[in-house]
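Undergrad: Okay, here's the structure, questions in a sec.
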Amino acid sequence: MNAIGSLMAALTVTALSGFMTAQAQTAEPEAAIVPGAVWNDTEGNPINAHGGGILYHDGTYYWYGEYKKGKTVLPEWATWECYRTDVTGVSCYSSQDLLNWKFEGIVLPAVKNDKEHDLHPGNVLERPKVIYNRKTGKFVMWMHIDSADYSKACAGVAVCDTPTGEFEYLGSFRPNGAMSRDQTVFADDDGRAYHIYSSEHNATLYISELTDDYLRPAGRFTRNFIKRSREAPAVFKHDGKYYMLSSGCTGWDPNQAELAVADSIMGEWRTIGNPCVGPDADKTFFSQSTFVQKVMGKKDMYIAMFDRWNKTDLEDSRYVWLPLSFEDGEIRIPWRDKWSPDEL
């Protein structure tokens, strides 16, 4: 082979190699949700968005969650199973069909060079949720912020002008002067928003109305499920009633889910039992609630989102998403090995 032929062959191999690399970066489209399996994003990488929630905005679903990376450790001083990884930040994924998720990046990164900062890797960042404020045009993120020993028990707030841009962290505080750990936020049809959080050493669940800009408590709140130790709240609305899915407090170990209903978001809440149906329903399919998302364009269709925690390898924790069914006035979450929103 002459010099020109060798060069052409080399260029062909290089081009082919580049094509194959590009092909490898695009995963095959997902056709179904498989609860508990490893879920990959559109580039073929495992989705990393634990304890998260979804925002639907302008035709796109945005999934925010804890980006867990690196070794899981149990601190030497631990008196309970507080397995943890260093804080990396909050991830964001986008999708039009709830099946195929594009990684948008870390939208709230850890602050590595300041040990006093809430977002330092040595602290705790959990259960980020984002809502959109129509009045201010801001995307507002609330999250559980804590010290490594979980004594801080605060809520943190961040804002951004876009759903996938880097959020500006505004700081943390104890809302209404009370502890705040497992939490979620909920925006009602009238534009008012609420912060729902475990408080009083996780014994009582608070529901706090937010200011018009969604950045602080407005001062009106209620104490719910007093001394019943509920956490991992997930709130949704259906036919004018409010529903809350939550778990008991057993650390990383699963327990039985509980559903409650109310005519007003502030309560009074009435428990209506465990909605899970099927194998291991008494253990919430070995997972824990984090969010409930309405499927847009489909009447009466909601997805119950759970985390299946792997406490000794938190990065490998899995996602369990299941459809809610409304049957004879009752809500059920039946187990499915595989399913798709299009088939329901």
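Bear in mind these aren't lab numbers, they're just calculated from the coordinates by the rules spelled out. Nothing here was measured: the structure is a model prediction, and the numbers come from that model. Cβ placement follows ideal geometry from the backbone for every residue including glycine, while neighbour counts extend to all protein chains displayed.
Undergrad: Across region 152-164, in residue order, what do the Karplus-derived ³J(HN,Hα) couplings come to in whole Hz, using 6.51 cos²θ - 1.76 cosθ + 1.60 with θ = phi - 60° and x for Gly and Pro?
TA: Whole-Hz 3J(HN,Hα) from phi for region 152-164: 6, 6, 10, 9, x, 10, 9, 9, 7, 7, 10, x, 10.
Undergrad: Using 0.36 nm per residue of separation minus the Cα-Cα distance, give me the extension gain between ASP263 and LYS237 in nm, one decimal. Could you put the intermediate results ahead of the total?
TA: Details: separation 26, 0.36 × 26 = 9.36 nm, distance 0.99 nm.
Extending this stretch completely gives an extra 8.4 nm.
Undergrad: To the nearest 0.05, how large is the calculated FRET efficiency for ASP161 and ASP300 if R₀ is 41 Å and r is the Cβ-Cβ distance?
TA: Details: r = 34 Å, r/R0 = 0.83.
Working from the Cβ atoms, E equals 0.75.
Undergrad: According to the square roots a ≥ b ≥ c of the eigenvalues of the Cα gyration tensor, what is the shape class of region 193-304, taking rounded for a/c under 1.5, prolate for a/b larger than b/c otherwise, and oblate for the remainder?
TA: Note, shape of region 193-304 comes out oblate.
Undergrad: Suppose R0 equals 30 Å; then what is the FRET efficiency for GLU76 and ASP313 from their Cβ-Cβ distance, rounded to the nearest 0.05? Let's see the in-between values first.
TA: On the way: r = 19 Å, r/R0 = 0.63.
Approximately 0.95, to the nearest 0.05.
Undergrad: Under the classification rounded if a/c is under 1.5, otherwise prolate if a/b is larger than b/c and oblate if not, where does region 47-343 fall, given a ≥ b ≥ c as square roots of the Cα gyration tensor eigenvalues? It would help to have the intermediate numbers written out before the result.
TA: Details: a/c = 1.24, a/b = 1.18, b/c = 1.05.
Rounded, because the longest to shortest axis ratio a/c is under 1.5.
Undergrad: So how tilted is helix 3-24 from the main axis of the chain? Cα-based, degrees 0 to 90, rounded to 10.
TA: Around 10 degrees separate the two axes.
Undergrad: Could I ask something else about it? For n ≥ 4 DSSP H runs only, could you compute -39500 (n - 2.57) per run for the chain, divide by its residues and tell me the 222 nm figure to the nearest 500?
TA: Roughly -2000 deg cm²/dmol at 222 nm, from the helical runs in the chain.
Undergrad: Sticking with this structure for a sec: Could you identify which residue out of ARG216, ARG230, ARG192 has the top mean-square fluctuation in a GNM of the chain using Cα springs shorter than 10 Å?
TA: Largest GNM mean-square fluctuation: ARG192.
Undergrad: To continue, here is another question. Rounded to whole Hz and in sequence order, give me ³J(HN,Hα) for region 227-239 from the Karplus expression 6.51 cos²θ - 1.76 cosθ + 1.60, θ = phi - 60°, writing x for Gly and Pro.
TA: Karplus-based 3J(HN,Hα) across region 227-239 equals 6, 10, 6, 10, 9, 6, x, 9, 10, 8, 10, 8, 6 Hz.
Undergrad: Among LYS71/LYS298; LYS135/LYS311; LYS102/LYS129; LYS138/LYS227; LYS129/LYS152, which pairs are too far apart, with a Cα-Cα distance over 29 Å? Please list the in-between numbers first.
TA: Details: LYS71/LYS298 41 Å; LYS135/LYS311 40 Å; LYS102/LYS129 18 Å; LYS138/LYS227 36 Å; LYS129/LYS152 19 Å.
Correct reply: LYS71/LYS298; LYS135/LYS311; LYS138/LYS227.
Undergrad: Rank TYR61, TYR150, TYR93 by how far each Cα sits towards the positive end of the charge dipole of region 47-343 (+1 on Lys, Arg Cβ; -1 on Asp, Glu Cβ) and give me just the farthest.
TA: About the Cα centre, the residue reaching furthest to the positive side is TYR150.
Undergrad: Give the relative contact order (percent, whole number) for the chain; include only Cα pairs under 8 Å separated by 6+ residues.
TA: On the way: 841 pairs, mean separation 42.9, N = 344.
It comes to 12 percent, rounded to a whole number.
Undergrad: Classify region 179-244 as rounded, prolate or oblate, taking a ≥ b ≥ c as the square roots of the eigenvalues of its Cα gyration tensor: rounded when a/c is under 1.5, otherwise prolate if a/b is larger than b/c and oblate if not.
TA: On the way: a/c = 2.16, a/b = 1.30, b/c = 1.66.
Oblate is the answer for region 179-244, as a/c is 1.5 or above yet b/c matches or exceeds a/b.
Undergrad: Related question: Between region 243-272 and region 102-137, what is the C-alpha centre distance in whole Å?
TA: Cα centroid to Cα centroid, the span is 26 Å.
Undergrad: Further, regarding this structure: Just to be sure I understand the model, the point goes 7 Å from the Cα along the line to the Cβ. What's the resulting LYS338 to ASP189 distance in nm?
TA: Once both label points are built, they end up 3.8 nm from each other.
Undergrad: In nm, give the distance between the simple-model label positions of LYS69 and GLU168, each being 7 Å from the Cα along the Cα-to-Cβ direction.
TA: So the two model labels end up 2.5 nm from each other.
Undergrad: Here is a further query. Relative to the present Cα-Cα distance, how much length would full extension add between TYR150 and ARG216 at 0.36 nm per residue of separation?
TA: 21.6 nm
Undergrad: Can you list the residues, at least 5 places off or on another chain, whose amide H is less than 5 Å from the amide H of LEU119, using H built in the peptide plane?
TA: Residues meeting the criterion, in which the H sits 1.01 Å from N, are VAL111.
Undergrad: For ASN40 and ASN113, FRET efficiency with R0 = 30 Å and r from the beta-carbon atoms, rounded to 0.05?
TA: On the way: r = 32 Å, r/R0 = 1.08.
Given R0 = 30 Å and the Cβ-Cβ separation, E is 0.40.
Undergrad: Another question, then. Let's see if you can work this out: charge +1 on each Lys and Arg Cβ, -1 on each Asp and Glu Cβ, no other charges. What is the dipole magnitude of region 47-343 about its Cα centre, in debye to the nearest 20? Each step should come with its number before you reach the end.
TA: Details: 35 positive and 43 negative charges, 57 e Å.
It works out to roughly 280 debye.
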